[in-house]
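K.L.:
Structure provided below as C-alpha cells; questions to follow.
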Amino acid sequence: MSYVREMIELAIRKNPAEPEFHQAVQEVLLSIEPVFDRRPEYRQKSILERFIEPERVIMFRVPWFDDHGRMNVNRGFRIQFSSALGPYKGGLRFHPTVNLGILKFLAFEQILKNSLTTLPIGAGKGGSDFDPKGKSDSEVMRFCQSFMTELYRHIGPNADVPAGDIGVGGREIGFLFGQYKRLCREFSGVLTGKATNWGGSLIRPEATGYGSVYFAQNMLTTRHEGLEGKVCTVSGSGNVSQYTVKKLIELGAKCVSLSDSNGTIYDPSGIDAEKLAYVMELKNIRRGRIRDYAEKYPGVEYREGDRPWGIKCDCAFPSATQNEISEEDAKRLVGNGCMLVSEGANMPTVPDGVDVFLENKILYGPGKAANAGGVAVSALEMAQNSQRLSWPSEEVDNRLRGIMRSIHQASHAASEEYGDPGNLVMGANIAGFVKVADAMLDQGLV
Ligand code: NDP
Ligand code: 2IT
C-alpha cells in the first residue's frame, strides 16, 4: 500500500466517528501523493504521521446562566494543530453542530490555508456547540466570558490567536477580548477581528468575501475574462456572503441569491447596494431570517429548505458551510453553464462534487485558497498590533489583493509543475504542504 493510503487508513482508524476530518485528510493526501516520489525524506522522517496528528486538543466544560437564571452547559474546544510556521491561528465557531471532528477538519485545512498566505502563522480552530440564535446579548456575553475563563490559559499573542467563524463576529470577539484582558491584565493582539477603535484592522470584516472575489478574478484572468455582467449565485447570508456580494456589485456582476439554514432567496433582478444594506441590517442587527427579504422586495422567490445551486449562473460563491454542494448540485451547476466556483466557505463541496468540477475543467477555487483572505488579514492585524500602529484601508486592501494573487500563482504553478495544469485542488494542497513539511524537517522531531 502506498504511504498516502496507509496514512489515510491510519487517520480513519485513529479518529473514529469524525467523518469530516476523514474527508479533509483524504482529499488533501490523495492530491499531494506525487510529492512523495520527489521527496522520499518526507516518508523517512514520518512527516505525514505527524501532519495528521494535532499537536494538542483541548476540550472543556462551559457553564453559563441564561436570562431565566437556569444553568446551561456547553462544550468548548481548541484544536492546536500545527505550529510549524508560527503561532496557532484560526477561528472559533459557535454552532449547535460543532463537534471534535468538524473542528479537526477545519484546523487541518487551516494548516495549508495559512501556509498559502505566505504569512508566519500556524494553524488552529476552536469553538463550541453553543447556539447563539435566539439568545440575548447578555446571554451571549455570559457564555463568551465563561468560554474565555478556560480558554485564556491556552492562548496568547505569540502562542495561539483565535478569531471569528460561523456564529462568532464582532460582538463575540468583543466579549471574549474583554474577559481575556481582565484575566490576564494584558491588552494584546490575542484575538483578531477586533473593532477598529480598539486594535482591529480595517478591511478584516470584508477580507474573506473580498478575497474570494479577488481569487475569482485571478482565475478568470487565465481565460481573459472578468466579472462584469456575470450572473452570480451566493449561498449563506453572514459575514463572508455579505462582503462577497458587496465586492461583486462593485465589479459590475449581478448577484441573484442568498440563503440561510432555512432556505434561499432568488432575486432575478439582482441584489443591489440598497438591498444589501437591508440584508446587513436584517442579519447583523435584527438577527432575522433571509425569508424576510422575499417579503420586502417584489419579484423575489423564497425557496424554503433549498440551496441556490439549481439557479442558472455563470459563477457560484458557496459561502455558508461544509458539504453544502452535493454531487447532484455540482452537476446541476455545470449543466446550467456555471464556469467558475470560488469557495468562501470551508470544504463546501463534497468530494464527488469536486470531481465533477475538475472533470469539466471549470475554474474551481478550493476554500483553502479562495477564502484565505480572511486569515491573511487577521495576520496583518497581528502585524499591526505588534507595531502598535494601524494601517489605512487602501494599504490593507492592496496587500490582500497581492496575497490573493500570490496564492493563485503559487497554486497554479504547483499544478503545472506536477502535471495537471489548472487543477487548483492539487496545486493549493501541494504548494501549502511543501512549505509546512520543509519547516517540520528543519525543526526536528516535534
Ligand atoms: P456567519 O455566521 O456570519 O454566517 C454563516 C451563514 O451560513 C449564515 O447565513 C448561516 O445561516 C449559514 N449556515 C451556517 N450553518 C449552516 C448550515 N449547517 N446549513 C445551512 N446554512 C448554514 O459565518 P461566516 O460568514 O463567517 O462563515 C461562513 C463560511 O465561511 C464558513 O464555512 C466559515 O468556516 C467560512 N470562513 C469564514 C471566514 C471568516 O473570516 N469569517 C474565513 C474563511 C472561511 P443561519 O443564519 O441560518 O445559521
Ligand atoms: O476559516 C478561516 O480561515 C477563518 N475562520 C478565519 C480565521 C482567522 O484567524 O482569521
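The numbers here are math on the coordinates, done by the rules we state, and not lab data. Note that the coordinates shown come from a computational prediction; the quantities given were computed from them, not determined experimentally. We place every Cβ from the backbone using ideal geometry, glycine too, and count neighbours over all the protein chains shown.
K.L.:
Using the Cα atoms as the points, what is the convex hull volume per residue of segment 129-256 in Å³?
P.N.:
It comes to 136 Å³ per residue, whole-number rounded.
K.L.:
In debye, nearest 20, what is the charge dipole magnitude of segment 11-135 about its Cα centre with +1 on Lys and Arg Cβ and -1 on Asp and Glu Cβ, if you could check?
P.N.:
The calculated dipole for segment 11-135 is roughly 260 debye.
K.L.:
Also, I was wondering about something else. Taking square-rooted eigenvalues a ≥ b ≥ c of the alpha carbon gyration tensor, is segment 44-114 rounded, prolate or oblate, where a/c under 1.5 means rounded and, failing that, a/b exceeding b/c means prolate?
P.N.:
Verdict is prolate for segment 44-114.
K.L.:
Still on this model: Need one number: convex hull volume per residue for the chain, Cα atoms only, in Å³.
P.N.:
138
K.L.:
Something else about it: Under the definition of Cα pairs under 8 Å and six or more residues apart, what whole-number percent is the relative contact order of the chain?
P.N.:
16
K.L.:
For segment 271-352, what number results from the quotient of the Cα radius of gyration and 2.2 N^0.38 Å?
P.N.:
That works out to 1.20 for segment 271-352.
K.L.:
Still on this structure, I have one more. Loop-only check: which trypsin sites (Lys or Arg not before Pro) in segment 1-74 are DSSP coil with at most 10 other Cβ within 10 angstrom? Provide the component values of the computation, followed by the final result.
P.N.:
Values: sites: Arg5, Arg13, Lys14, Arg38, Arg43, Lys45, Arg50, Arg56, Arg61, Arg70; in loops: Lys45, Arg70.
Here the sparse-neighbourhood loop sites are Arg70.
K.L.:
About the Cα centre of segment 252-389, what is the dipole size in debye to 20, counting +1 per Lys and Arg Cβ and -1 per Asp and Glu Cβ, all else neutral?
P.N.:
For this selection, approximately 380 debye.
K.L.:
Enumerate the calculated ³J(HN,Hα) couplings along segment 212-223 in order (Karplus 6.51 cos²θ - 1.76 cosθ + 1.60, θ = phi - 60°), each rounded to whole Hz, writing x wherever the residue is Gly or Pro.
P.N.:
Computed from phi, the couplings for segment 212-223 are 5, 6, 4, 5, 4, 4, 4, 5, 5, 4, 5, 10 Hz.
K.L.:
Let me ask something additional. What is the distance in Å between the Cα centres of segment 367-427 and segment 161-233?
P.N.:
Segment 367-427 and segment 161-233 have Cα centres spaced 13 Å from each other.
K.L.:
Using the charge dipole of the chain (Lys, Arg: +1 at Cβ; Asp, Glu: -1 at Cβ; taken about the Cα centre), state which of Val213, Tyr180, Cys313 has its Cα farthest towards the positive end.
P.N.:
Going by the charge dipole, the pick is Tyr180.
K.L.:
Pairs to check: Lys45/Lys194; Lys283/Lys312; Lys89/Lys246; Lys45/Lys181; Lys14/Lys194. Give those whose C-alpha atoms are more than 32 Å from each other in this structure. Walk me through the numbers before you get to the answer.
P.N.:
Numbers: Lys45/Lys194 40 Å; Lys283/Lys312 25 Å; Lys89/Lys246 27 Å; Lys45/Lys181 41 Å; Lys14/Lys194 37 Å.
With Cα atoms farther than 32 Å apart: Lys45/Lys194; Lys45/Lys181; Lys14/Lys194.
K.L.:
Once the piece of chain linking Ala413 and Glu9 is laid out straight, how much longer is it, given 0.36 nm per residue of separation minus the C-alpha distance between them? Before the final figure, lay out the partial values.
P.N.:
Numbers: separation 404, 0.36 × 404 = 145.44 nm, distance 2.99 nm.
Gain on extension, Ala413 to Glu9, equals 142.5 nm.
K.L.:
Cut-off 10 angstrom, C-alpha nodes, Gaussian network model of the chain. Which of Phe317, Phe65, Phe77 fluctuates the most?
P.N.:
Looking only at Phe317, Phe65, Phe77, the biggest GNM fluctuation is shown by Phe65.
K.L.:
May I pose another question? Can you compute the helix-only [θ] at 222 nm over the chain? Use -39500 (n - 2.57) per DSSP H run of at least 4 residues, normalise by all residues, nearest 500 deg cm²/dmol.
P.N.:
-14500 deg cm²/dmol
K.L.:
Sorted by mean Cβ packing within 10 Å, highest first, what order do the peptides 296-309, 16-29 take?
P.N.:
16-29, 296-309
K.L.:
Using every Cα-Cα pair within segment 316-444, state what percent have a distance larger than 20 Å.
P.N.:
53
K.L.:
Between Asn398 and Glu281, how many nm apart are label points set 7 Å from Cα along the C-beta direction?
P.N.:
Roughly 3.5 nm, to one decimal.
K.L.:
Each label point is 7 Å from the Cα along the Cα-to-Cβ direction; what then is the distance between the points at Glu327 and Ser261, in nm?
P.N.:
2.7
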